[in-house]
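Asker: Sharing a structure, written as structure tokens. Questions coming.
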Amino acid sequence: MLGLQILIDGFAISALYGLGAVGFSLIFGVSGVLNLSHGAIMVVAAVTAWATAGDLGFGTYGGALAGVLAGFVLSFATYFLVVRPIQGSHAIPREEKEIFVLTGTLLWGIMIQQAIAYLFFNTPKTVRPLVEGVVNIAGVRTPINEIVTLLVSWTAIGLLWLLINRTRAGKALLAASMNPRGLTLLGFEMANIHCVVWAIYGVLAGIAGVLLGAFLGVSSDNIGTLTASAFSIVVLGGLGSVSGSLIAAYVVGYLETVTAYLVAPSVRSVPVLLLLVLVVYLRPQGLLGRR
Amino acid sequence: MLGSRNFWLAMAALVVLYLLPFGVSGYVLGLLTVAYYYAVAAMAWDLLFGFAGEVNFGPSFLVGLGAYTATLLNVYAAAPILPCLLAAAAAAVAGGLVLAVPALRLRGPYFGLVTLVAVLLLQNIIVLFSGITGGEIGLALTDVLAIDDHTNYWYALGFMTVSGGLLFGLSRSSAGLILQASGQDAVQAAALGFNVAKHKLAAFCISALFSGLAGAMLVFYLGTASAGTVVDIGIGVQFIIAAVLGGRRTIIGAAIGSIFLIVAGEVLRPLGELSTFVVSSFALVVILFLPGGFLGLLAGRRG
């Protein structure tokens, strides 16, 4: 019974982790940016969904839509206000752009965190689930919300796969992650490609944020942990490898769930951290990463 | 880069700081005391980042190691302050070596993650063994450096002056130049016959030594050690912001940035939650428009 419970809970939480990490990984693969305001964008999406569905009275679906929209808008804001000015700056030496983008997005994330704490307080908020109720799966009482989370996450990931592998714009993204200079020579404008990838990222982070808000609840204090977990999943899977991130999301999700159920919820993140140290020492490129 | 004019400016500023206790209240001195300890940690970080080119996201790992070694020894072994400080420095250097091993093998984001994980692990350990370490509530030390504001201020200022002088001198020495070359182009530095690994290892040890000492002095000043005040990632981020704000690769800039951050946080305290927002947006603007930081602005004016 406990085994099945772990199996179901772990599967749902891993799907959510995967969705959160895929966008993060995509941005890194295509534009080489590690976005440390990732957690902040997810929490803004969740809090927007919570506020529009509750206080403003737009209902559960209206709230969810507003949350995704908030993720999308904030993603663009991050790109145009923080990332792009640093990338285009002449005053910053090329080899230091990376650390400046990291510091810049980190500060941006802290600003968003403080703004949320100021406007909505740092109390945990739980978004009303899209579908309420509980089903019984072979004796394990499972909230329908958990199944919805799972389905939505995998649908979004599936659509992303189709977009990347089956459309012209998606193939351009894939090419950009392999050889940006070659793509420029073929007449593609890199700036447009970056816009597309940040747009996709915003939608993914928005969906992940809203689902997270309904599944676990969020507060502005979670932002650091959320960014760190996406970062660890992506490094574990291999930076820039989307399928690696998905596998890593499942490893992390199950490891945490098993620890939480069998040892204690308070130590759930410790085995993951140890595994991460081990992988980084033994196989720095991650599970599926290229050197 | 920074000529003798800036050296004299720094000297003048130091004289002002040394004369300060005769003119301001104990409250201001207490504020600056914390700022000076932060300054040492930020300067130590700048040696690793600005010179060795290693992006250490976990300066609070080294600071926290020093702080907790000193605290535990002081509380459970009833050790006097001086042996505690020495042990803290030793523990931090050991921690620095643990970080240095992956740093020599990994690059950029991967190393950054290892340092981040090191902080998270240390924080988890402290919270897990909260029976011994006091966890998030904190553990009170049996000894403090001094109870008088003025004495504490002298200790902190003296510590910052000596550490800053040593770190600055080191960064301007030939070893510092080799370190800088290794950080910017390790292959070329090695091709010129310099032992890159040895220099980076030394940089890690020295940076860790000062970080650990700063952490230990800080808890002996505060009288308590808690995960939130010496280990939390947010504290480490403060050191990083301070160093970048003041001007990276200058050592002294890190100290200026730290003092600025602490004072600005205090001045903006009436804003409540918004004070951190204002400080971080200011830091973001500086990074976007003045990537050289405060000292970069000074150097730019002159050039």
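The values are calculated or read from the model by the stated rules, or taken from the named source; none is laboratory data. Quick caveat, the model's predicted, so the values are computed rather than measured. Glycine also receives a Cβ, built like all others from the backbone with ideal geometry; neighbour counts cover every protein chain displayed.
Asker: Pairs please, first residue from region B:217-228 and closer than 16 Å to B:Ile132 by Cα, second anywhere and part of a helix (DSSP H, G or I) and among the small types (Gly, Ala, Ser), Cβ atoms under 6 Å, 6+ apart in sequence or on different chains.
Answerer: Matching pairs, first to second residue: B:Ala225/B:Ala67.
Asker: Could I ask something else about it? All but one of (1) under 14 Å from the mean Cα position of the chain (by Cα); (2) over 15 Å from A:Tyr17 (Cα atoms); (3) part of a helix (DSSP H, G or I) hold for A:Val279, so report the exception by its number.
Answerer: So the condition that A:Val279 fails would be (1).
Asker: For region A:104-136, which residues satisfy the criterion of being within 10 Å of chain B (Cβ to nearest Cβ), under 19 Å from the mean Cα position of the chain (by Cα) and not aliphatic (A, V, I, L, M)?
Answerer: A:Gly104, A:Thr105, A:Trp108, A:Gly109, A:Gln113
Asker: Residues to consider are B:Leu298, B:Leu290; find the one that is free of Cβ contacts under 8 Å to residues at least 24 places away in the same chain and either more than 26 Å from B:Thr115 (Cα to Cα) or within 14 Å of chain A (Cβ to nearest Cβ) (or both). Lay out the reasoning, then the answer.
Answerer: Numbers: B:Leu298 fails: free of Cβ contacts under 8 Å to residues at least 24 places away in the same chain.
Of B:Leu298, B:Leu290, the one residue that is free of Cβ contacts under 8 Å to residues at least 24 places away in the same chain and either more than 26 Å from B:Thr115 (Cα to Cα) or within 14 Å of chain A (Cβ to nearest Cβ) (or both) is B:Leu290.
Asker: Taking into account only those residues within region B:159-218 that are buried (at least 18 other Cβ atoms within 10 Å of the Cβ) and among the β-branched types (Val, Ile, Thr), which is farthest from B:Leu47 (Cα to Cα)?
Answerer: Filtering first and then ranking leaves B:Val196.
Asker: While we're on this one: State all residues of region B:1-59 that are more than 21 Å from B:Gly247 (Cβ to Cβ), under 12 Å from the mean Cα position of the chain (by Cα) and outside any helix (DSSP H, G or I); if no residue qualifies, say none.
Answerer: Residue satisfying the conditions is B:Gly58 alone.
Asker: Is it fair to say A:Ile41 is in contact with a helix residue (DSSP H, G or I) (Cβ under 8 Å, 6 or more places away or on another chain), over 19 Å from A:Pro124 (Cα atoms) and not aromatic (Phe, Trp, Tyr)? Steps first, answer last, please.
Answerer: On the way: in contact with a helix residue (DSSP H, G or I) (Cβ under 8 Å, 6 or more places away or on another chain): yes; over 19 Å from A:Pro124 (Cα atoms): no; not aromatic (Phe, Trp, Tyr): yes.
Spelling it out, it is not the case that A:Ile41 is in contact with a helix residue (DSSP H, G or I) (Cβ under 8 Å, 6 or more places away or on another chain), over 19 Å from A:Pro124 (Cα atoms) and not aromatic (Phe, Trp, Tyr).
Asker: Oh, and also: Taking helices (runs of 4 or more DSSP H) that fall entirely within region A:106-187, which contain at least 3 residues that are of a type in the set (Asp, Glu), out of contact with any helix residue (DSSP H, G or I) (no Cβ under 7 Å at 6 or more places or on another chain) and more than 24 Å from A:Gly23 (Cα to Cα)? Can you show your working first?
Answerer: Values: elements: A:144-166, A:168-178, A:180-185.
The helices (runs of 4 or more DSSP H) meeting that bar number zero.
Asker: Do you know which of the residues in region A:229-272 that are closer than 18 Å to A:Leu160 by Cα and assigned to a loop (DSSP other than H, G, I, E, B) is farthest from the other protein chains (Cβ to nearest Cβ)?
Answerer: Only one residue fits best here, namely A:Ser241.
Asker: A further question follows. State whether the residues of region A:119-128 include one that is in contact (Cβ under 8 Å) with a residue 12 or more places away in the chain and crowded, with 24+ Cβ neighbours inside 10 Å.
Answerer: Checking region A:119-128: at least one residue is in contact (Cβ under 8 Å) with a residue 12 or more places away in the chain and crowded, with 24+ Cβ neighbours inside 10 Å.
Asker: Of the conditions (1) of a type in the set (A, V, I, L, M, F, W, C); (2) within 14 Å of chain B (Cβ to nearest Cβ); (3) closer than 18 Å to A:Ile223 by Cβ; (4) surrounded by fewer than 17 Cβ atoms within 10 Å (Cβ to Cβ), A:Ala91 clears all except one; give me its number.
Answerer: Among (1) of a type in the set (A, V, I, L, M, F, W, C); (2) within 14 Å of chain B (Cβ to nearest Cβ); (3) closer than 18 Å to A:Ile223 by Cβ; (4) surrounded by fewer than 17 Cβ atoms within 10 Å (Cβ to Cβ), A:Ala91 violates only (3).
Asker: Would you check which residues across region B:95-114 are over 24 Å from B:Leu85 (Cβ atoms) and either modelled with pLDDT of 85 or more or in a helix (DSSP H, G or I) (or both) and list them? Talk me through it step by step, then tell me what you get.
Answerer: Initial filter on region B:95-114 (over 24 Å from B:Leu85 (Cβ atoms)): B:101-114.
Scanning region B:95-114 gives B:Val101, B:Pro102, B:Ala103, B:Leu104, B:Arg105, B:Gly108, B:Pro109, B:Tyr110, B:Phe111, B:Gly112, B:Leu113, B:Val114.
Asker: Looking at (1) crowded, with 24+ Cβ neighbours inside 10 Å; (2) over 25 Å from B:Thr250 (Cβ atoms); (3) at pLDDT below 95, which one does B:Ala88 not meet, given that it meets all the others?
Answerer: (3)
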